[in-house]
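Asker: Here it is, the structure, as structure tokens.
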Amino acid sequence: MPEEDYLTKEKFTELTKELEHLKTIKRKEVAEALEYAKTLGDLSENQEYQEARDSQAILEDRILRLEGILKSAKIVSAQSSSTVSVGSVINLEKVSDKTKKSYTMVGSEEADASNGKISIKSPLGMAAMGKGKGETFSFSSPAGQMSYKILDIN
């Protein structure tokens with residue numbers, strides 16, 4: 001059974017547009033590059049042909065990945081909840097130094113820590129899931145054991 005990918009409506013739309021672009025425009029560009037490279041002579045020693053084939057493989061891989069993600073996607077929206085779930089915006093306080101941070105809990109495909117979007121499959125995300133306001137949780141990270149307190153859930 002395929003694993004569900006949690007996506008916001010915006011990310012689902014973005015990935016759908018990317019897939020359409022790859023299937024229509026990019027595939028045509030790669031096919032044209034392959035045809036041109038074939039005209040350059042011996043294929044076994046033709047670097048342009050090898051690069052075009054590599055580009056085609058990467059393109060087809062991405063298309064398959066996007067199709068799989070979109071097929072198994074579960075659309076989520078931010079919802080008010082008393083516990084941390086996909087789509088929640090959580091305000092945390094690091095227990096050790098009292099620094100405060102805010103994160104949006106998202107699926108793996110949308111994760112972007114530099115923009116405050118944490119995957120529910122990350123160590124922090126897994127530890128926070130299901131916790132409530134006021135609860136403290138800990139998890140292991142490359143920097144060692146981390147502890148956070150949930151200040152608010154939106």
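Bear in mind that the values in this text are calculations on the coordinates, not laboratory data. Just so it is clear, the model here is predicted, and its values are computed rather than measured. Note that each Cβ is placed from the backbone with ideal geometry, even for glycine, and that neighbours are counted across all protein chains shown.
Asker: I'd like to know which of A37, T104, S147 lies farthest towards the positive end of the charge dipole of the chain, counting +1 on Cβ of Lys and Arg and -1 on Cβ of Asp and Glu.
Answerer: S147
Asker: Between T136 and R27, how many nm apart are label points set 7 Å from Cα along the C-beta direction?
Answerer: 5.6
Asker: Same structure again: Nothing charged except the Cβ atoms of Lys and Arg (+1) and of Asp and Glu (-1): what's the magnitude of the dipole of the chain about its Cα centre? Round to the nearest 20 debye.
Answerer: That gives the chain a dipole magnitude of about 1000 debye.
Asker: Set the bar at 21 Å for Cα to Cα. Now go through K17/K74; K11/K133; K23/K74; K74/K100 and name every pair that lies beyond it.
Answerer: The answer is K11/K133; K23/K74; K74/K100.
Asker: Moving on. At a Förster distance of 35 Å, what's the computed FRET efficiency of S72 paired with E45, Cβ-Cβ distance as r, to 0.05?
Answerer: 0.25
Asker: Taking N as the number of residues in the chain, what value does Rg over Cα atoms divided by 2.2 N^0.38 Å take?
Answerer: Dividing the Cα Rg of the chain by 2.2 N^0.38 Å gives 1.45.
Asker: Helix 9-21 versus the longest principal axis of the chain: what is the Cα-based angle in degrees, 0 to 90, to the nearest 10?
Answerer: 10
Asker: Shifting gears a bit: Over segment 5-76, what is the relative contact order in percent, taking alpha-carbon pairs closer than 8 angstrom and at least six residues apart?
Answerer: 60
Asker: Before anything else, pin down the relative contact order of segment 1-142: Cα pairs under 8 Å, at least 6 apart, normalised by residue count, whole percent.
Answerer: Value for segment 1-142: 24 percent.
Asker: On C-alpha positions alone, give me the angle between the axis of helix 27-38 and the longest principal axis of the chain, in degrees, nearest 10.
Answerer: Roughly 40 degrees between the two axes.
Asker: Which value in nm describes the separation of the simple spin-label points at T16 and Q145, placed 7 Å from the Cα toward the beta carbon?
Answerer: Result for the modelled spin labels: 4.7 nm.
Asker: Classify segment 5-76: rounded, prolate or oblate, from the alpha-carbon gyration tensor (a ≥ b ≥ c, eigenvalue square roots; a/c under 1.5 rounded; otherwise prolate if a/b is larger than b/c)?
Answerer: Taking the square roots of the gyration eigenvalues as a ≥ b ≥ c, segment 5-76 is prolate.
Asker: What does the C-alpha gyration tensor say about the overall shape of segment 77-118? Classify as rounded when a/c is under 1.5, otherwise prolate if a/b is larger than b/c, or oblate.
Answerer: It comes out oblate by the Cα gyration axes.
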